[in-house]
Amino acid sequence: MLRSRLTTIALVLVGIAATAFLAYAMFAPRTLRIAVGPLGSSDLRVAVAFLQALQRERAGIRLKLVLTEGSTASAKAFNDKRADLAIVRSDIAMPEQSATVAIFRREATYFVARPGAEVERIGDLRGKRIGFNAQRPATESVLMRILASYGLTSEDVTLRPGAPPEVLQAAQDGDIDVIFVIAPITDRLSRRALTAFPKQEDKDASILPVTEADAIVEQYPVFDTLEIVRGAFTADPPRPEQAVTTLAVTHRLVARRTLDEGIVSELTRLLFSLRLIIAAEAPAAHQLELPSVEDRGAKLPIHAGTIAYVEGETKTFFERYGDWFYLGVMGFSLLGSAAAALYSRMNASRAPLSLDDDMGLLAALIEQVREAETPERLSELREQARGLHRDTIKAVAVTQPDSDKVATLRFLLQELRELIEQRERELRIADDYRLT
């Protein structure tokens, strides 16, 4: 009886532990590792602000930073499975098996030509001196791809790389004809590049966008396009005078394609619902945008979770975990059935309780005590008497006999106990007599 109860309790405890583990696995916050860098970059500032916002809101998703030296290192951390997410510049390093969750920002690519340089289109750059920021990664490679699209090579132009102050000073001194810029429209470098060239005959520097950007994107899908609206740089006079489309590079938040659709959908929702909170600490978050989901065959794929969020097809809690609830109910039902079967089997294998048998054993045991000749034999019989006493109490509790049987049992048990004590004294006296 005691063993069966302990078994039942153990099975119940196992069920409770399994339920607690399942609940923890389903409801505990999911931590995702995000690779981002370098230190001081706007990408890192946005990621840190997002991480803090998730903690303050007690969201179901948390972030853990994997700091890197830049986009290439972030992509490597992603490919090495040291990160679940990464913020990368798509033209520098797009990780394998990744899909876009959000576009962190677009950086426009364009040229600023000095007044009188006679540069009205990119083909006019032949023979010109081009300055650019050598401290920004991949700037020269982007420039050469653009020039190649217009039939120009490095031999057709003179490249003057340098730090931003050096490039701006070269423009002021007339040592370069054009500045090549990769930066957000609102970036300080964009403003300073427009004013770096001195006016000539009251003419300001001109902006030369990459107007064939769509054709370049077809050839190099790692790029994107961006519209520079009228008056984006200056409002009076408006510069540019009319909206133009130019080539752009994108910084993207990417996730592993195998990462659960529901998790990525929730991550996307949190990113954009908390955008204003994030932007209060990292203004670059204002540039966050959702990727276009119209082209399902895009060469830079969009994650299925982000598509579900954009199209309003995010699964509800029960749609996401309904199968688990169903399997859990089935599992507990099977566990209960197994416990019941085990309990029945144990009860079936146990001999039935019988007071008549117990009384017969008591009578036999009394005779054996009378015949015991040694203390050792008497000790064995005492242990048997204790076991029989326990079994008799259980039998009384289960069978609930009449008062006559109970009285008989009490008499036999009392008789056995007194006889054991008497026989013990007799054996001790006989022992002392032999010694004397």
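A compact table of results
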{"item": "Principal axis box of the range 101-154, alpha-carbon based, largest edge first, Å", "result": "43, 23, 21"}
{"item": "Separation in nanometres of the label points that stand 7 Å from Cα toward Cβ, at Glu313 and Ala280", "result": "3.6"}
{"item": "Along principal axes, Cα extents of the range 388-433, largest first, whole Å", "result": "48, 18, 6"}
{"item": "Computed Rg/Rh of the range 355-435, alpha carbon atoms with Kirkwood Rh", "result": "1.07"}
{"item": "Reduced Cα scattering model of the range 85-315, Debye log10 I(q)/I(0), q = 0.12, 0.13 Å⁻¹", "result": "-0.71, -0.82"}
{"item": "Sorted peptide list for 230-239, 189-198, criterion being average Cβ within 10 angstrom, highest first", "result": "189-198, 230-239"}
{"item": "Rounded if a/c under 1.5, otherwise prolate or oblate - the range 39-111, Cα gyration tensor axes", "result": "oblate"}
{"item": "Rounded Å value of the spacing that divides the Cα centres of the range 357-419 and the range 227-269", "result": "92"}
{"item": "The range 159-208 shape via C-alpha gyration tensor axes, a/c threshold 1.5", "result": "oblate"}
{"item": "Label-point separation in nm, Thr153 to Ile393, each point 7 Å along Cα→Cβ", "result": "10.4"}
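Values quoted throughout were computed directly from the atomic coordinates according to the rules given, and no laboratory measurement underlies them. The structure presented is a predicted model; accordingly, all values stated were derived computationally and were not measured. Don't worry about glycine lacking a Cβ; one is built from the backbone with ideal geometry, like all the others, and counts go over all protein chains shown.
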